[in-house]
Amino acid sequence: MPIPEEVINEIKYRNDIETTISSYVSLKRRGKTLVGLCPFHGEKTPSFTVYPENGSFYCFGCGVGGDVFTFTKLIENLDYIEAVKLLADRSGITIPENGYDDSMSKLKNNIYEINRETAKFFHDYLMSPDGKWALDYLTQRGLSVKTIKHFGLGAAPDSWTALLDHLKSKGYSISDMLAANVIGKSQRGTYYDRFRKRVMFPVINVRGKVIAFSGRAMPGDDKAGAKYVNTADTPVYKKSENLFGMNFAKSFCDEQIILVEGNMDVISLHQAGFRNTVAALGTSFTNEQANLISRYTKEIILMLDADAAGQKAVKRASEILKNTGLEVRVVVVPEGKDPDEYIKKNGKERFEALLSGAVSEIEYKLLTAVKDIDTNSDDGKVQYLSRAAEIIAENGDIITRDLYIGRISEKYGISRTAFSAKVDEIRKKNYRASRKKEISNIIHPKLSGKELNPEKRKYPTAAIAEETVISVLLLHPDFFDSVYEKLKPEDMITAFNSRIYSIVCEPLSEGKTPDISYFGERLSTEEFSFLTSLYNSEKGRKNSLTVLNDSIKVILDEKIRIKMLDAENLSDDNWAECMQNLIENKKKGKV
Ligand SMILES: [Zn+2]
C-alpha cells in the first residue's frame with residue numbers, strides 16, 4: 001500500500017530540494033539550475049545538477065538522479081519509506097498509520113535489535129568465567145579491558161545453539177534471525193549458530209548501530225574452518241559500503257584518516273591513541289568506502305602491507321581515491337610487519353615518525369616502479385623513464401607535475417624538455433580516452449556497473465526515439481491519448497524502455513498528471529534515475545509535437561525493418577503471415 005499521494009506531495013512541498021540538498025552539497029547557481037560536486041561519485045568538476053523548478057536532480061557523471069526522496073534515501077543510506085519518514089519528521093508531518101507498507105523498515109528494525117542483543121550476548125560471555133579463553137587471547141594480544149569494552153568485543157561460545165536459544169528466549173523469530181545472518185539453516189532443516197568458538201568483532205555504523213559481525217577463529221583451532229567468519233550482506237549491511245572503526249574515527253579525522261588492513265590493526269592503533277584508523281571489511285577498497293571517507297576528512301593515509309598484495313591494494317585504492325578530492329599518502333610499514341605488530345614492538349613515537357614519513361602517492365609509485373628495473377643500463381633507464389612519465393602524467397596538478405619532471409630528468413640526466421614533452425603526450429592520450437569513456441557513459445548510462453538498457457547498443461536509433469517519446473510525454477501529459485493510440489508499450493523495441501513507457505502510461509491513462517515523485521516509489525533507483533534524466537532532457541522542449549510524431553515513426557519503421565530482417569530467416573509460410581500482418585497494420589494506420 002503506497003503512502004497517499006497528497007501526503008507525499010505535502011512532504012515534498014515542505015522539504016524543497018534546493019534547501020535539502022544544500023545541507024549536504026555546496027551548490028552554485030547556473031541559470032535555472034544549481035550545480036555542485038556529486039556526493040555519490042568522486043569528481044573534481046561539478047556534474048551534479050539540481051533542478052529546483054521541477055524538484056529533481058541528476059548527475060551527468062554517474063547517472064544517479066531522482067527527487068528529494070531519492071536524494072535522502074541515497075545520502076542517508078535508507079530505503080524509500082525511511083527517507084519519506086525522515087523528511088516527514090523534519091517538517092513535522094505525520095504519516096497516517098497503515099497508510100503504507102513498512103514491512104521492510106520493520107524487518108530492518110528487528111535486525112538491528114537482534115544484532116544489538118547478539119553483541120551484548122557475546123560481550124557478556126567474553127567477560128564471564130566461561131569466556132576466559134577468549135579474554136586471555138585478547139589481552140595477550142595487548143588489548144586492555146578498557147579497549148575491549150570500548151569496541152564491544154565479544155566471544156561466541158563453543159556451541160551450536162547458545163545464541164539461538166538466547167535470542168528465542170528474548171522472543172525473536174527464526175526468520176528474523178536468519179535475515180540478520182546470525183544463524184544458519186542446515187540441509188536437514190535444523191538451525192544453528194553461525195559463530196562458534198570465535199572472538200567476535202561487532203561492526204558498528206556511523207550512526208552507532210551494530211550492523212554485522214566478524215568472528216576470528218582461535219589460533220591453532222584446526223577444526224574451526226575459515227580464519228574469519230563474517231556476516232553476509234543483509235538488509236542493514238553491505239560490506240562494500242562500510243568500514244570497521246568508522247563509528248569512532250569519524251570524530252577524530254577532520255585532518256586525516258588512516259586506512260589499514262585488519263580489524264586488529266584498527267583496535268591496537270586506536271588504543272595507542274591513533275583514533276582516526278579504519279579498515280575495509282575483508283574486501284578490497286571500494287568506491288562506496290572512498291565516498292564515505294571523503295565526507296569526513298581531507299587526507300587519507302594508506303598503511304598497507306609491504307608485500308606484493310599490499311602494493312596491489314595501494315594501487316587499487318589510489319585509483320579509486322583519484323577523483324574524491326582527498327589527498328592520498330602512503331606509508332610502508334618496515335620489515336614486512338603489519339601495523340599492529342609494529343606499534344607493539346616499536347612503540348608510539350616510532351609509529352608517529354613512520355606516519356610523518358608518509359610519502360605522497362606519486363612518490364610512492366615512483367619508488368615502487370623502480371624496484372625491479374636496473375636503471376644503470378640504457379634499456380632499464382628508458383623503461384623506467386616511460387613508467388615514470390605515465391605516473392607523473394596521472395597527476396592533475398601542474399605544479400606537482402613540474403616538480404617531478406624536474407627531479408626525475410635531473411636524476412637520470414635527460415633533457416627536461418624531452419621528458420616534459422613525453423608527459424604531455426601521455427596526458428593528451430589519457431584525456432582523449434577519458435572523454436570517450438565519459439561520452440559513452442552519457443549515451444549508455446551505467447549504474448552500479450550495469451548497463452541499464454543493453455539492447456540500446458543493438459538498436460540505437462530505436463532506443464533514442466523511444467527515450468524521446470517518454471521524455472515528451474513526461475513534459476506534456478496532454479499528448480497521451482494521441483501517442484498511446486499509435487504506440488503501445490509492446491511496440492517499443494527495447495524491453496527496458498517498453499517497461500518504463502508502460503509505467504509512465506499507467507497514471508496518464510487514468511487521466512492523472514503525476515509529477516516525477518509518483519514514479520519514485522514504483523521504479524528501482526536505477527530506473528528512476530534514468531527517468532529523471534529524460535524528464536530534464538532538452539529533447540522534447542521545442543516543437544514537441546513534431547519531435548514526438550517523428551520519433552513514433554522512427555520506432556514503427558524500425559520495427560518493420562527488424563521484422564523484415566527476421567523474415568529473411570523464416571520459412572515461406574511464416575513469411576507470408578508476417579507480410580500479411582504488416583499490410584494490415586499499415587491499413588489500420590498503425591505504421
Ligand atoms: Zn555522480
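The values are calculated or read from the model by the stated rules, or taken from the named source; none is laboratory data. Treat the numbers as computed from the prediction; the structure is a model and nothing was measured. When we count neighbours, we look across all protein chains shown, and the Cβ atoms used for this are built from the backbone with ideal geometry, even at glycine.
What the table shows:
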| read-out | value |
| --- | --- |
| Test: residue in the range 79-99 that is outside the structural domain of T286 (by TED's automatic domain parsing), within 14 Å of the chain's Cα centre (by Cα), part of a helix (DSSP H, G or I) and of a type outside the set (D, E, K, R) | no |
| Residues within the range 194-226 that are of a type outside the set (F, W, Y) and under 15 Å from A134 (Cβ atoms), tallied | 15 |
| Filter pass, L74 being within 16 Å of the ligand (Cβ to nearest atom) and either surrounded by fewer than 17 Cβ atoms within 10 Å (Cβ to Cβ) or not in a loop (DSSP other than H, G, I, E, B) (or both) | yes |
| Among the candidates G171, G154, G131, residue that is in contact with a Leu (Cβ under 9 Å, 6 or more places away or on another chain) and either among the hydrophobic types (A, V, I, L, M, F, W, C) or modelled with pLDDT of 95 or more (or both) | G154 |
| Only listed residue being over 21 Å from S56 (Cα atoms) and charged (D, E, K, R), chosen from E467, E510 | E510 |
| One residue from E113, E53, E18 being in a loop (DSSP other than H, G, I, E, B) and away from the ligand (no atom under 16 Å from the Cβ) | E53 |
| Answer residue from the range 25-50, given it is closer than 15 Å to G325 by Cα and in contact with a Pro (Cβ under 6 Å, 6 or more places away or on another chain) and is nearest to the ligand (Cβ to nearest atom) among those | L37 |
| Failed criterion for V64 (all others in (1) away from the ligand (no atom under 15 Å from the Cβ); (2) within 26 Å of S318 (Cβ to Cβ) hold) | (1) |
| Every pair of residues 6+ apart whose Cβ atoms lie under 7 Å, when the first sits in the range 60-72 and is of a type in the set (F, W, Y) while the second is near the ligand (Cβ under 8 Å from one of its atoms) and at pLDDT below 95 | F60/S47 |
| Residue in the range 516-527 that is of a type in the set (V, I, T) and assigned to a helix (DSSP H, G or I) present | yes |
| Qualifying residue in the range 152-163 (condition: more than 22 Å from F248 (Cα to Cα), free of Cβ contacts under 8 Å to residues at least 24 places away in the same chain and not hydroxyl-bearing (S, T, Y)) | no |
| Which numbered condition N205 misses (of (1) modelled with pLDDT under 95; (2) surrounded by fewer than 17 Cβ atoms within 10 Å (Cβ to Cβ); (3) within 25 Å of K227 (Cβ to Cβ)) | (2) |
| Those residues of the range 458-499 which are in a helix (DSSP H, G or I), charged (D, E, K, R), free of Cβ contacts under 8 Å to residues at least 60 places away in the same chain and over 17 Å from E526 (Cβ atoms), in sequence order | D478, D481, E485, E490 |
| Odd one out for G92, checked against (1) away from the ligand (no atom under 16 Å from the Cβ); (2) crowded, with 20+ Cβ neighbours inside 10 Å | (2) |
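Conditions (1) of a type outside the set (S, T, Y); (2) out of contact with any Leu (no Cβ under 7 Å at 6 or more places or on another chain), marked per residue:
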site: P235; (1), (2): yes, no
site: K239; (1), (2): yes, no
site: F248; (1), (2): yes, yes
site: G262; (1), (2): yes, yes
site: V266; (1), (2): yes, yes
site: H270; (1), (2): yes, yes
site: G273; (1), (2): yes, yes
site: Y296; (1), (2): no, yes
